[in-house]
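Below is one structure, written out as structure tokens; comments come after it.
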């Protein structure tokens, strides 16, 4: 269903419309819940740069999309060390922005911080011989 909603928004509004980006985020979130990480990564590799360009780095939708993408990177059983490093770097940057814009107690900032702790733990476990 979310794929159809995203496709309809894409067709009618174009890739740069906020409703299209929101639909992409909802679609990616549903794919993530289904643990379809490759599809999440593929979708968000295309849409996060658009969100950053159109909405800006400080927009809550952009930050949320970056977080979902990073979580998909480190939760994938096939994640490489580069994927794990990219996830941690993305979450560090998004977390810094979210804390500055919304404050550390904001649910988005807290969620990003939680994901960052998890990504760092997985990265540390994989880097330890």
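Which residue pairs have Cβ atoms closer than 6 Å, lie 6 or more positions apart in sequence or on different chains, and pair a first residue in the stretch 27-39 that is more than 13 Å from residue 3 (Cα to Cα) with a second residue that is modelled with pLDDT under 95 and surrounded by 16 or more Cβ atoms within 10 Å (Cβ to Cβ)? Every condition considered, the pairs that remain are 37/76.
Annotation for the stretch 49-56: at least one member residue is within 12 Å of the chain's Cα centre (by Cα) and either surrounded by 20 or more Cβ atoms within 10 Å (Cβ to Cβ) or in contact (Cβ under 8 Å) with a residue 40 or more places away in the chain (or both).
The values are calculated or read from the model by the stated rules, or taken from the named source; none is laboratory data. Computed from a predicted model, the values in this text were never measured in an experiment. Here Cβ is always computed from backbone atoms with ideal geometry, including for glycine, and neighbour counts include all displayed protein chains.
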